[in-house]
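Have a look at the structure below, then the notes.
The values are calculated or read from the model by the stated rules, or taken from the named source; none is laboratory data. In this text the structure is predicted, and so the values were computed from the model without any measurement. Please note: Cβ atoms are built from the backbone with ideal geometry, for glycine as well, and neighbour counts cover all protein chains shown.
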Amino acid sequence: MRHILHSRFQLQLLFALLAAVSVIVLAIGLVANAIHHAESFVLADTNRTLDQAIHELRREYDLRLRGDGTWPKMPPGAQDITLRGISQTVLSSYPGVEGGFWTQAQFLGYSYPTHDGGSVKVDVPPAERSEIEAAISSAMAHGISRRTLRGRHDLVVVSAIASGPAAVWAMKRLPGEAEPAQRKRNIFAAALVAIALLGAAGVLATAIGLRRGVAQMKSGLATLDEAGVPGLRQRYDELGEISAAINQMARTRRKLEEELRREDRVRALGRLVGRIAHEMRNPLNGIRLSLQMLSRRHEDNRLTSGDFQIAIDEVDRMNRLLSDLLAFQQPRPPRIELRRVGPILDECTRLVKPQADRAGVHLTIADRCTPPALVDEQYFRQIMVNLLLNAIEVSAKTVRVSATDADGVVAVQVSDQGPGLTAEQQEHLFEPFYTTKMNGHGLGLAVSRELAQSMGGELRYEEGGPGATFTLRLRGANAS
């Protein structure tokens with residue numbers, strides 16, 4: 001009897017040991033799975049950050065070298081200083097990221113602006129140099145390259161992208177969950193929990209709880225919002241800590257994205273101000289030269305009324321630029337009315353007829369169709385005058401205007417007999433400040449498209465046929 005009880009006790013101990021081993025294996029698997037998902041998320045976020053960094057570095061690199069014929073003649077030391085300024089400026093917005101450029105078979109412009117070691121780093125890290133060179137070689141062959149190096153204590157992620165005969169690279173180290181010591185601590189903690197919960201109820205509860213937490217984390221990562229991973233914010237266990245770390249990384253990422261957007265807006269504003277200043281300088285110079293000429297003619301008593309025309313034309317040009325700029329930036333709300341477009345087209349052709357006569361261009365309104373359309377009369381007149389003036393400037397003999405009504409849409413077309421537009425010109429046609437004219441400011445078509453859209457219409461360029469044809473589509477009387 002005692003032998004039987006002893007054997008049964010040993011069998012129970014064996015079953016308990018098997019249960020404990022099973023729980024340990026299960027706990028290790030679940031913890032490793034959660035760590036794997038957290039690490040994958042961090043790596044994906046890091047790859048996105050490095051991609052943004054190298055693309056911004058390449059953009060600034062291309063802007064610096066574009067059209068600069070002196071760059072190839074500069075000594076490597078001067079190039080290194082210039083490129084380091086670029087990488088220092090760009091990478092200061094990317095904490096923990098270091099990088100630079102590869103050109104002429106050597107590293108140039110290396111910078112690590114957020115390095116917190118107490119001194120400025122100026123040399124490419126020797127431990128990762130071979131990995132960086134391998135990433136650059138792969139990028140030169142395939143356009144872009146990403147490499148992940150798992151070290152003893154951290155992960156190293158390297159990204160590189162080709163830029164002509166040169167390359168741009170960036171690197172970031174990821175300490176923490178990737179460390180083997182941390183993995184061992186997690187496994188040891190899981191083993192302690194398993195030993196403490198030798199009972200079947202405890203094992204089952206732990207397994208269910210961990211599986212539910214992992215499922216919540218998977219679904220939460222798929223729908224990550226500003227509040228963080230849903231369902232895990234109030235947990236105080238290991239998964240809660242992982243969730244808190246993920247939420248912190250997400251907040252940091254959003255902050256960096258907001259800062260990047262602000263910097264992009266500042267750059268765009270700077271380019272806008274520069275273009276406006278350039279466009280204003282030309283007519284101001286013309287006015288100054290005209291005034292100097294008027295002063296000399298006044299001294300010689302040879303002034304005529306025609307001598308003032310150049311200054312008046314330049315003032316009109318500045319006024320058109322400012323009017324178009326104001327209309328583009330702060331258009332007033334449209335006042336939509338149902339109006340027949342025929343009389344308005346007649347008025348527009350009368351307004352531009354002096355310019356057409358001077359250019360020897362004949363204006364014709366075909367079909368004499370006067371369908372009603374939903375328009376803001378002032379906006380419609382501004383669009384048509386701009387299209388007519390553009391057509392008169394390039395047309396050889398005739399500018400043709402037509403208006404048709406079909407399926408509740410009124411289409412007004414302005415066609416010229418000019419050289420037409422190339423594919424590249426068509427691609428940038430409606431961009432602000434893009435122009436192919438010597439004295440154009442590039443806002444007329446951009447403003448016209450904005451005004452057309454504010455009326456619920458559309459302005460577009462029609463391909464085919466000689467010359468250029470622009471079509472303004474408006475809602476007709478039967479529009480829904």
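Structural remarks
- Every pair of residues 6+ apart whose Cβ atoms lie under 7 Å, when the first sits in the range 91-106 and is at pLDDT 90 or above while the second is among the aromatic types (Phe, Trp, Tyr) and part of a loop (DSSP other than H, G, I, E, B): Glu98/Tyr112
- Considering (1) of a type in the set (A, V, I, L, M, F, W, C); (2) modelled with pLDDT under 85; (3) farther than 23 Å from Gly85 by Cα, the lone condition that Ala141 does not fulfil carries the number (2).
- Flag if Val409 is touching a strand residue (DSSP E or B) at 6+ places or on another chain (Cβ under 6 Å), of a type in the set (A, V, I, L, M) and at pLDDT 85 or above: yes
- Inclusion of Val122 among residues that are within 21 Å of Thr49 (Cα to Cα) and of a type in the set (Val, Ile, Thr) is not warranted.
- Condition broken by Gly274, with the remaining ones in (1) at negative phi; (2) of a type outside the set (Val, Ile, Thr); (3) modelled with pLDDT of 65 or more satisfied: (3)
- If only residues of the range 63-79 that are touching a residue at least 12 places away in the same chain (Cβ under 8 Å) and within 14 Å of Gln104 (Cα to Cα) are counted, the one that is farthest from the chain's Cα centre (by Cα) is Pro76.
- Restricted to the range 413-444, and to residues there that are of a type in the set (Ser, Thr, Tyr) and modelled with pLDDT of 70 or more, the residue that is nearest to Ala403 (Cα to Cα) is Ser415.
- Residue match in the range 249-256 (condition: surrounded by fewer than 12 Cβ atoms within 10 Å (Cβ to Cβ) and either over 30 Å from Asp51 (Cβ atoms) or at pLDDT 75 or above (or both)): yes
- Subset of the range 78-102 [closer than 25 Å to Met249 by Cβ and not polar (S, T, N, Q)]: Val90, Leu91, Tyr94, Pro95, Gly96, Val97, Glu98, Gly99
- Any hit, the range 63-72, residues being crowded, with 18+ Cβ neighbours inside 10 Å and of a type in the set (S, T, N, Q): no
- Residue in the range 110-120 that is hydrophobic (A, V, I, L, M, F, W, C), in the same structural domain as Asp51 (by TED's automatic domain parsing) and within 23 Å of Pro72 (Cβ to Cβ) present: no
- All positions within the range 374-395 that are surrounded by fewer than 18 Cβ atoms within 10 Å (Cβ to Cβ) and either more than 21 Å from Gly444 (Cα to Cα) or acidic (Asp, Glu) (or both): Glu377, Glu393
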